[in-house]
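Worksheet: the structure to be examined is printed underneath.
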Amino acid sequence: MEVGVLTRNEFSWCSLQLKQALNLRSCRFTCFSFNDLTAYVGFENSIRFKGRPIEKLDAVIVRPIGRGSLEEIIFRMDLLRAIENSGVYVVNKAEAIEKAVDKYLSLFLLEKAGLPVPRTIVTENPRISLEAFKKFNSRVVLKPIFGSRGFGITRVRSRQTLYRLAAVLSYYRHVVYMQEYIPHSREDVRAFVVGDSVVASMRRVGASWRTNIAQGGKSEPYKLSEELKETALKACRVLGCEVAGVDILNPSGEYCINEVNSQPDWRGLQNVSEVNIAGEIVDYVISKVKR
Ligand SMILES: Nc1ncnc2c1ncn2[C@@H]1O[C@H](COP(=O)(O)OP(=O)(O)O)[C@@H](O)[C@H]1O
Ligand SMILES: [Mg+2]
């Protein structure tokens, strides 16, 4: 068996963990980036990585897709689809990533499935920001519709500021994504899902209201209730994510799912977890290939 690790940086902490877990299981692997992938149409092999046919691999573990132009990102998703189409097991799949990274589409699907999510208003029309400000009782979070690690997110407490920000965003051809602020004491919880189980969980305590580890948040051990575990698993099923970090706001009260991260980092979580998370991912992938 040979597993591909699709990563921008094979020496990043998570990729090293995956490599170690694969080594421990005597599983052959190759790391490559999107830049190492080429698509062929009208040839025998449709996708090659580092010059080799993709069919040489049994599975591909996808690490962060990274930033890129719209056409680069669409092409990367096309590549994932073509790899899957070649019979190689891909985790997470393009369809799941596309649903999860789109902050509107993911909440729409989660809500449709009956899961609690924050009230959100999304528009290209900056004037709607005035309506959102009122509906959210002056407590608005403005987010990039495609964003991660807490960057570009801001809380807006003034009607006029919100309108101006919305107008600027719209001028630069951004979608205006506004959400009600869910009061919390600088903390949320993350459930790390692999396949059909929550393999680890943590509380994240933020340096500010943004609890992202990338924004200075710290991880603490946290045991999820069965109800929250079920909620996290359902969210992953709805979006088709096999490996994901599900973030839940206000876990001990009227909780809601803030987002499902389809390309999660797990360094902070590993620090407070007993299980080896990379090992869980690798075992899952191996079990899927053997089936
Ligand atoms: N509606 C909200 N109410 C309260 N806190 C929020 C809300 N939305 C986001 N946050 C905080 O900001 C962080 C980053 O927001 P998130 O939507 O997860 O974006 P990103 O994809 O950049 O992580 C969350 O982890 C949470 O701590
Ligand atoms: Mg987040």
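Values in this text are rule-based calculations from the coordinates and carry no lab data. Owing to the predicted nature of the structure, the values given are computational and were not obtained by experimental measurement. Because the Cβ atoms are built from the backbone with ideal geometry, glycine has one as well, and the counts that use them run over all protein chains shown.
Brief remarks follow.
- Single unsatisfied condition, T30 versus (1) hydroxyl-bearing (S, T, Y); (2) in contact with a strand residue (DSSP E or B) (Cβ under 8 Å, 6 or more places away or on another chain); (3) under 30 Å from R173 (Cβ atoms): (3)
- Flag if Y177 is under 18 Å from I248 (Cα atoms) and either under 16 Å from the mean Cα position of the chain (by Cα) or of a type outside the set (A, V, I, L, M) (or both): no
- Filtered residue count, region 185-200, keeping only those that are without any contact (Cβ under 8 Å) to a residue 60 or more places away in the chain, under 19 Å from S273 (Cα atoms) and small (G, A, S): 2
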